[in-house]
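Heads up, the thing below is written out as structure tokens.
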Amino acid sequence: MTSEETTESAAPVATLDGTIWAEVDRALAGITATAERGLLDVIVHVPPAEIIRALKALKADATLNFDYLRSLTAVDNEEDGIDVVYHLYSTTAKHNLTVKATLANDNLFIDTATTVWRAANWLERETAEMFGVRFNGHPDPRTLLMPEDMDDTFPLRKDHPLAEIEVLQGEGMGYSEEDQ
Amino acid sequence: MPEGLFGLNPWLDGLIRLLMIVGLMTITAMGLIYIERKVLGRFHARVGPQRTGPFGLLQSLADALKLIGKEDLRPRNADPWTFEFGPYMVFVPIFLGFVVQPFMAGFSVRVLDLGIMYFVAVSSLSIIGWVMAGWGSDNRYAMIGGMRAAAQAISYELPFVLSLLSVSMLTGTLNINEIVLSQWQVPNIVWQPLAFLIFFIAALAELNRPPFDIPIGESEVVGGPFVEYSGIRWSMFFLGEYASLFIMSVLISALFLGGYEWPFGTQLGIGFQFLLTVVKAAMIIFLIIWVRASVPRLRIDQLMGYAWKILLPLSLLQVLVNGFVLVYDLPRIVLTIAGIGGVILLVSLTERAIRLPRVTHQSSLVTQSEAAS
Amino acid sequence: MVTESASEFETQDLLLNVGPQHPSTHGVFRMVMQVDGEVVREVIPYIGYLHRGAEKLCETMDYRQGIGFMDRTEYLAAMNAELSYVMAVETLAELEVPERAQWIRMILVELNRLASHLMFMGAFGVDVGVFGTPFIYAWREREAVIDLFEEISGDRMMYAYLRPGGLAWDVPTNFVPRVREVLTAVRQGIADFDGLLTKNEIFIARTKGVGVISAADAIDFGMSGPSIRASGVPLDVRREEPYLKYNDINWNVITRTEGDVYARYLCRLDEMRESVKIVEQCLERLQPGAIMPEKMPRMLRTPPGEIYVRTEAPRGEFGVYLVSKGGNRPHRLKVRSACLSNLQALRHMTIGSYVADALIVLGSIDIVLSEVDR
């Protein structure tokens, strides 16, 4: 799932027929983007350093016109780093795209998308406090949902403990024997 | 008329009458609270109070007991004097307004020759209490509420007084009793429909009833000046509100609806007169509650604009027309026609005021602040 | 009117703290307003008072247990929230939902939309300042819907009735006549609101031209639901990416162009009429049949994958981003809250307006704080 330097002729391309990948690929010229087919949308992996350039290109492109940021969040993949996930939508062309940037665990910095959509403001604040991802240049880097002094614990990371629930499940409330 | 009731010493007589007022006012206010709750409940398609006593009649009593039993809190940073005396400054002028209310022939506390003047002077005093409460509470909601109350009272005092003036022009007296007696044939509302409408609207504003309940706007300033009050002090505001509601309804019925005189007040005796007063006041109160149940609150700028741009010119117009008719001795039907014309004008102006494009400085400010952030 | 030129009398702006306990903030929302007299100069919203970590909790629960958290996330439209979630799980687990379950789901989510919009009408009427009347009117009609839900699911708010694959159990036998009764009540409620508020002069004066947001701004802020449709953007997931059976029936996307508070109110009112239409059509198409797939695994597991499912909840797009690494629990569950995105635009809409307007603008975007904070 990491966005290593894979070439665009990699395996998933065959399954991308009939999607907007061709357009996206054209719009993202000069950016090392790779694609895979999600269940509903195309998922594009972009290196974190180029993410804002990519998002701006996707928004500015006349045929793609991704003017609507549906959702911005992150996924903690533990040793594989943290994915920052952008769900884009075009209100005119009516298509979707998922953009992912994978941050290494020792370098959780990414540029802010508030320069592209104002919608990203609170979503980035939430992502920052929940995952510890730092958004460079964010206009309002306060916490959103967490207390203001809670800037060293990141509740949605996988290593954040959930002690009570684990205990309860150990006592037979959960399906612990079925766990993977 | 220095002669006291039952031939008593005038001072003692005055004291008895004042005590009667206080008792009557309290009972009236409690009754009104019950009625308002019941009627509002009906407007809301529910039943209102029904558990306390037969038909919930003791609800107000229960409320009063609860309020008396509550602790009288004062915020630490509140200004003690203004905070503690605010409720009295609201309460006392309202009681003073009771002095000139005509219930039956010969049954007001005092029949003053300048009754209307006295009422206007006294009733506008209570606004000082509102501002005191708002300022003394050391609460920003309260302060905003107090300022709103002051602005509103100053604005609506003018159309209020001017429409009173048109009535006294017509009857040639400032004595409320004589105004009532002069309506033995036709109530004033027939001659002065516009003044009645303006007076009614201004009275709503004076009473801070919806749609002019801006100072206490529950959903904006959370009770305005009353926000920090509790227990007996808060209940004094509450009592004052309903007492003034009652007084205002009696006054409207006396000035415009013929009070205890029309129809057949003198012929059918004092009991019937009292009934007339109560029924008319009840109608007005019902109307006010009805308005409360059906209209939203105005915004402060709309409220001020409405007073200064629509009500005030129209009430001035009414005074002018009255003067014209009186000076040139025209038939009174002219007044009616002019009044109905005025009502139509008022309604159409109100309609137009709603359709006007809104003046706002929203866009410029947004760009400013976004450039800043 | 306070203008810039009035500043020669050195005045000081007042910081007014609204909330978290305030009648008009619809829950524990707090905003600090900097007011100049009655004009709002700056708004700083604070949220998070109701943050319960539902997303994190869902990661520790198996898929069926997560349904309950969705109810609590969006408690005024719990069916819609459940729908997004179970659809996400179904797509990941490749479950086929039977016809009948789909029609029933559609009826339920539209009824819940009605209940939620009724709630809006009532609360908004109170925000604008009608003493209680719209609230009780709304409550009465909403009660009919809630009663029906109680008969179906056994609970009045936290239904937990949808399941990955279908429904928990079939609806009662008198379902169709009961829904028709509810629709009659709701139609009456819509007519009542039309009479009480829509043509009310003061209501119009208070709401028209207030809190205007342009289509471009609304898109940029990621608004959704009636709040963006009132600005003239026909963004409705039901039409643009049809799920369930929305393609098989006739209904219209309600849009208005003004983008003000009144337009948002009218949008919701008209949407309620559309919802009634949708439910009526669904009732005609409802056939007996299974409500769960034939081969339902006892333990629901999903293959690795991820999906972002969005449905049109009453307040806008309710999205569920579900990442699975296999097994019976989500690896990551993100709830895309429409209220959060709509609330972001509050500052833009309120600065420069009056204090009273700021509060009705907040009311007009119809937030549910538990969905904002999750």
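Here, each number is a calculation from the coordinates, and none is a lab measurement. This structure is a prediction, so every number in the text was calculated from the model and none was measured. Counting neighbours? That spans all protein chains shown, and the Cβs are built from the backbone with ideal geometry, glycine included.
Points worth noting:
- Shown in residue order for segment B:348-355 are the 3J(HN,Hα) couplings computed by the Karplus curve 6.51 cos²θ - 1.76 cosθ + 1.60 at θ = phi - 60°: 5, 5, 4, 4, 5, 4, 5, 6 Hz (x for Gly and Pro).
- Here the Gaussian network model covers chain B, with springs between Cα atoms less than 10 Å apart; of B:Gln152, B:Gln273, B:Gln185, B:Gln185 fluctuates the most.
- When each of C:Lys56/C:Lys325; A:Lys56/C:Lys56; A:Lys59/A:Lys100; B:Lys309/C:Lys199 is checked by Cα-Cα distance, pairs over 25 Å: A:Lys56/C:Lys56
- Radius ratio Rg over Rh of segment A:11-133, counting only Cα atoms, Kirkwood formula for Rh: 0.94
- Rounded to the nearest 20 debye, the dipole magnitude of chain C is 1080 debye, with +1 charges on Lys and Arg beta carbons, -1 on Asp and Glu beta carbons, and the Cα centre as origin.
- Qualifying trypsin sites (Lys or Arg not before Pro) for segment B:1-94 [loop in DSSP, other Cβ within 10 Å: at most 11]: B:Arg51, B:Arg76
- Look at the stretch A:81-89: the mean tally of other chain Cβ atoms within 10 Å of its residues' Cβ atoms is 3.
- Partner shielding of A:30-43 amounts to 2, given as the average count of beta-carbon atoms from other chains within 10 Å of each residue beta-carbon.
- Peptide packing for C:37-45, A:138-146 was compared via the average number of neighbouring C-beta atoms within 10 Å per residue; ordered from the highest value, the list is C:37-45, A:138-146.
- For segment C:27-91 versus segment C:240-258, the inter-centroid distance based on Cα atoms is 25 Å.
- Principal axis box of chain C, alpha-carbon based, largest edge first, Å: 78, 45, 33
- Summing charges over neighbours of B:Gln273, with a neighbour being any other residue whose Cβ is under 15 Å away from its Cβ, gives 0 when K and R count +1 and D and E count -1.
- Within 10 Å of each Cβ in B:50-57, the average number of Cβ atoms from other chains: 0
- Cα Rg, Dmax (largest Cα-Cα span) when computed across segment C:34-103, Å: 18.7, 60
- Loop-located GluC sites (Glu not before Pro) in segment B:1-95 (DSSP state other than H, G, I, E, B) with a sparse environment of at most 14 neighbouring Cβ atoms within 10 Å: B:Glu3, B:Glu71.
- As a proxy for reagent exposure, ranking A:Arg157, C:Arg142 by other Cβ atoms within 10 Å from fewest up yields A:Arg157, C:Arg142.
- Gyration tensor (alpha-carbon) shape descriptor, segment B:66-115, a/c threshold 1.5: oblate
- With loop membership from DSSP and a limit of 14 other Cβ atoms within 10 Å, the longest segment of chain B without chymotrypsin sites (Phe, Trp or Tyr not before Pro) is B:1-263.
- Overall shape: oblate for chain B, with the ratio a/c of the largest to smallest alpha carbon gyration tensor axis at 1.5 or above and b/c at least equal to a/b.
- Along the axis of the charge dipole computed for the protein assembly as shown (Cβ charges of +1 for Lys and Arg, -1 for Asp and Glu, origin at the Cα centre), the listed residues A:Ala57, B:Leu311, C:Val186 are led at the positive end by B:Leu311.
- Alpha carbon centroid spacing (whole Å) that separates segment C:272-315 from segment B:10-55: 56 Å
- With Rh defined as the Kirkwood radius, the inverse of the mean 1/r over Cα pairs, the Rg/Rh of the protein assembly as shown is 1.05.
- Here the Kirkwood formula puts the hydrodynamic radius of segment B:104-171 at 13.9 Å, using every distinct Cα pair.
- Loop GluC sites (Glu not before Pro), segment C:206-286 (other Cβ atoms within 10 Å of the site Cβ: 10 or fewer; DSSP): none
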